[in-house]
Amino acid sequence: MFNGALTALVTPFRDGVIDEPKLRELIEWQIASGIDGLVPCGSTGESATLSHAEHERVIKITIEQARKRVPVVAGTGSNATAEAIRLTAAAREMGADGALLLSPYYNKPTQDGIFKHYKTIAESVDLPLVVYNIPGRTASNIAPETFGRLAEIRNIVGVKEASGSMDQISDIHRLCGDRLTILSGDDALTAPIIALGGKGVISTISNAMPREMRDLAASGLAGDFAHAREIHFRMLPLMRALFIETNPIPIKQALALMGKCANELRLPLVPMTPAAAEKLKAAMRQLALI
C-alpha cells in the first residue's frame, strides 16, 4: 500500500512553538520534489516532546497541506496501548491514509505483549497500520515470528524496519511474503532491503534530498540497481553524517543551513557540537547543498 520514498518529517520550531509556515513550506517542497509520502510525528519529528494538542496539530497541517497528493502516514505510537489507540483514531478522523506505530518502549513487553498491543490497535481503529521496529530506541526487538503473526491481521500492512539486521529482514520477508510491506528505517540500507523484496524507505535524509531519495527507491523498485547504487554511494557520506549525533539533531542543522527551518530543538535534544557540525557541512558541500 505504501511504497517508494516517504519522508519522516521534521517538526520546525520557532521560539518554542511549532513553526507552521515553515512546516507547510517544507511539505510543499517535498511534494514538488516528487516524494512518495509523508510521515509526520515520528522520532524525526520529535514526537516525544510534542504535547497532545501539538501532535494532532502537526498531523492536521500535514494532511491539509498534502491535499491527498501523496499519502500521509501519521506517527501515532505510544508505549501505552490505550494512548496509541486514541492518537490513531484521531489521525483517522483527520483524514490520515495510515498510521506508523513504534513498538512499545521502556516497559519492554514480551513478544506476546507486542503482538497483542498491535492487534488491539488494529481491531480498534480501521486504518492501515505500519509497525515500526527500532530496537535502539525501544529496548526490544520484534521477532520475525511475531511479524508472521501480525501479517495475518487485515489492516497491519507494513513494517518500518530499523533493526539494522539483514538477517531479520530476510526472515520477515520469508515468513510474511507479500502480506507485509517492508520499508527500510535506515537510509543507508534502502537499496539492500529493496533487493531483498522491500518496497521503499521511511527516510530522514529525504528531508534535505527528497528527489534524490525518491529516485534511489524508484530505481531499486524498477530493478535498475546500477543506478540505485550510483545514487546510494553519492549520498552515503551525508547519510552517515546525519547520524553522527542523535536523529533529528543533524537533519535539523542541515535544514537550517539550507534555509528550510530554524535549527531549534526541544530539550533534552541540543544542537550539534561544533566538530560534528563541521563534518555535516563537509558532507553537504560534497553534494552542493550548501
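Bear in mind that the values in this text are calculations on the coordinates, not laboratory data. Everything numeric in this text was worked out from a predicted model, so none of it was measured. Using ideal geometry, Cβ is built from the backbone for each residue, glycine included, and neighbour counts are taken over all protein chains shown.
Every listed requirement among (1) outside any loop (DSSP other than H, G, I, E, B); (2) within 30 Å of residue 17 (Cβ to Cβ); (3) of a type in the set (Asp, Glu) is met by residue 212 save one, (2). For the range 28-66, the set of residues classified as within 22 Å of residue 209 (Cβ to Cβ) and free of Cβ contacts under 8 Å to residues at least 12 places away in the same chain consists of 32 only. If you check 131, 125, 70, which single one turns out to be touching a strand residue (DSSP E or B) at 6+ places or on another chain (Cβ under 9 Å) and closer than 21 Å to residue 27 by Cβ? The conditions single out 70.
Candidates in the range 79-137 are the residues that are hydroxyl-bearing (Ser, Thr, Tyr) and under 20 Å from residue 63 (Cβ atoms); of these, the one that is farthest from the chain's Cα centre (by Cα) is 88.
Every test in (1) buried (at least 24 other Cβ atoms within 10 Å of the Cβ); (2) β-branched (Val, Ile, Thr); (3) out of contact with any helix residue (DSSP H, G or I) (no Cβ under 9 Å at 6 or more places or on another chain) is passed by residue 49 save one, and that test is (1).
When you check residue 107 against the structure, is it within 16 Å of residue 163 (Cβ to Cβ) and in a loop (DSSP other than H, G, I, E, B), yes or no? In short, no. Quick one: in the range 199-256, which of the residues that are crowded, with 23+ Cβ neighbours inside 10 Å and either among the acidic types (Asp, Glu) or in contact with a Lys or Arg (Cβ under 6 Å, 6 or more places away or on another chain) (or both) is farthest from residue 133 (Cα to Cα)? It comes out as 241. Scanning the range 121-148 for residues that are polar (S, T, N, Q), out of contact with any Pro (no Cβ under 8 Å at 6 or more places or on another chain) and in a helix (DSSP H, G or I), we see that the one that is surrounded by the fewest Cβ atoms within 10 Å (Cβ to Cβ) is 124.
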